[in-house]
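Single-structure report; data block below.
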Amino acid sequence: MRTRIILLGSTGSIGNSALEVVRRYPDRFEIVGLAACSNVEALKRQCAEFRPRCAAIVDETLAREATARALDVEKLYRGPEGAQALVEEEADIVLAAMVGAAGLSPVLAAIRSGKRVALANKEPLVSAGALIMSEARRMGVPVLPVDSEHSAIFQCIEGQRSEDIHQIHLTASGGPFYKRDRASMNGISPDEAASHPTWDMGRKISVDSATLMNKGLEIIEAMWLFDAALEKIGVVIHPQSIVHSLVEFTDGGILAHLGPTDMKFPIQYALTWPERVRAPMARLDLTSMPALTFAKPDFSEFPCLRLAMEAARRGGGAPAILNAANETAVEAFCEGRLPFLQISEVVEAALDQVESPNEITFDTIMEADAAGRRFARAFIDQAGVRV
Ligand code: MG
């Protein structure tokens, strides 16, 4: 029996890597559904090659123009609800690799339909981790991390008792601007921010890596995935990105996960879990790799990390507001409407001024998300004058 996969965000960076993995094991994997936001041409090519039964186009305007016949699929779903409908189709696993909190509804729908979820899309966990994890427990389905650090932690703690974990050490490369002083970061362009020193990734996550918001989001992601308190998660600077994270146990032992900087490794592990399959990717050569260094982080120039930890400490709707403001600010930065250093200002103002709901339900999280975006847009419209 082949593993039937629904892939959300198939034309993005993770989506393409996932299809490379699938392409290598035709006896093992079968693509039954593909969803893309707006790159219809790429989706068309993917449908021709992988022959899924269904597809979804999330962008409403583009979706309206497209036909199932043009994509050569039996069923074509359209619009934001399209991805949600797609995950209801029969499959074994949903790989969620779309960008942003827009992934929340499809991820919840996948869990509620009893499918295991491989999560590359961290924003839904940041915004609504409590909901996602409680639904996953209720349905008895595993949530498998694809983020490299979390895949590493997941592999280090397999077979261990949670009470034996002393500390989780998330590694951070520091992004392209670590060690640069704040004044020199003022005129950073979207292209500069998107060029990560060790990982080749999509634009949103690359900008998040440059502000270190990505590490902040990953702390919150780890809290939910591994049911860990904020105090149990630390960050260590490891510029080589070869150790993908470490777990320190109560007896002082530390387990680390090492691997090349290639997202196909964590993607493949999430798809084959609990098994491992021989991978054709280039392996780590222990004797020819660079010296591994670990340093205490100095985050004084990177307020986004501090803000994410503050949101985690506050809990409730605060992480959803943080995430919504950050998504809005990063989009504005990529469109040249907001200077790099003001991304954190938008997030900080939203976190301070948008009211967080007391009760956490799907609706209150969606409201907090919408309020965070509204606030950020208004703030940017004012701040934009200063660009
Ligand atoms: Mg990561």
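Details
- For the range 180-220, the equivalent ellipsoid built from the Cα gyration tensor has semi-axes of 18, 13, 8 Å, listed from largest to smallest.
- Summing charges over all other residues whose Cβ lies under 11 Å from the Cβ of GLU348, with Lys and Arg as +1 and Asp and Glu as -1, gives -2.
- Relative contact order (%) - the chain, alpha-carbon pairs under 8 angstrom, separation at least six: 14
- The local environment of CYS156, defined by Cβ-Cβ distances under 12 Å, has a net charge of -4 under the rule Lys, Arg +1 and Asp, Glu -1.
- Taking a ≥ b ≥ c as the square roots of the eigenvalues of the Cα gyration tensor, the chain is classed as rounded, since a/c falls below 1.5.
- Rg/Rh for the range 40-93, where both radii come from Cα atoms and Rh is the Kirkwood radius: 0.94
- Basic side chains Lys and Arg get +1 at the Cβ, acidic Asp and Glu get -1 at the Cβ, and with that the dipole of the range 222-281 about its Cα centre reaches some 300 debye.
- With the highest mean first, a sort of the peptides 274-282, 223-231, 373-381 on other beta-carbon atoms found within 10 angstrom per residue produces 373-381, 223-231, 274-282.
- A cut-off under 14 angstrom between Cβ atoms defines the neighbours of PRO357, and their net charge, with Lys, Arg +1 and Asp, Glu -1, is -4.
- Top positive-direction residue, dipole computed over the range 150-250 with Cβ charges, set VAL243, PHE226, VAL207: VAL207
- Accessible area of the range 261-387 divided out per residue, in Å², using a probe of 1.4 angstrom: 52
- The packing ranking, built from the mean of other Cβ atoms within 10 Å per residue, places the peptides 133-141, 100-108, 172-180, 88-96 in the order 100-108, 88-96, 172-180, 133-141, highest first.
- Shown for the range 2-85 is the translational diffusion coefficient from the Stokes-Einstein equation, using the Kirkwood radius over Cα pairs, a temperature of 25 °C and a viscosity of 0.890 mPa s: 198 µm²/s.
- Cross-link pairs beyond the 24 Å C-alpha cut-off, checked among LYS204/LYS264; LYS122/LYS179; LYS179/LYS204: LYS122/LYS179
- With every protein chain in place, the range 3-145: carbon and sulfur % of accessible area (1.4 Å): 46
- Prolate/oblate/rounded call for the range 163-318, Cα gyration tensor, a/c under 1.5 rounded: oblate
- Ordering PRO26, LEU255, GLY114 by the projection of their Cα atoms onto the charge dipole of the chain, which places +1 on the Cβ of Lys and Arg and -1 on the Cβ of Asp and Glu, puts PRO26 at the extreme positive end.
- Taking GLY82, GLY12, GLY253 as the candidate residues, the one with maximal mean-square fluctuation in a Gaussian network model of the chain, Cα springs under 10 Å, is GLY253.
- The residues of the range 1-109 have, on average, 44 Å² of accessible surface per residue, using a 1.4 Å probe with all protein chains present.
- Anisotropy class of the range 264-330 from Cα gyration tensor, a/c 1.5 cut: oblate
The values are calculated or read from the model by the stated rules, or taken from the named source; none is laboratory data. The structure presented is a predicted model; accordingly, all values stated were derived computationally and were not measured. Note that each Cβ is placed from the backbone with ideal geometry, even for glycine, and that neighbours are counted across all protein chains shown. Side chains included, ligands, DNA and RNA excluded: accessible areas come from the protein's heavy atoms. Shrake-Rupley method; radii C 1.70, N 1.55, O 1.52, S 1.80 Å.
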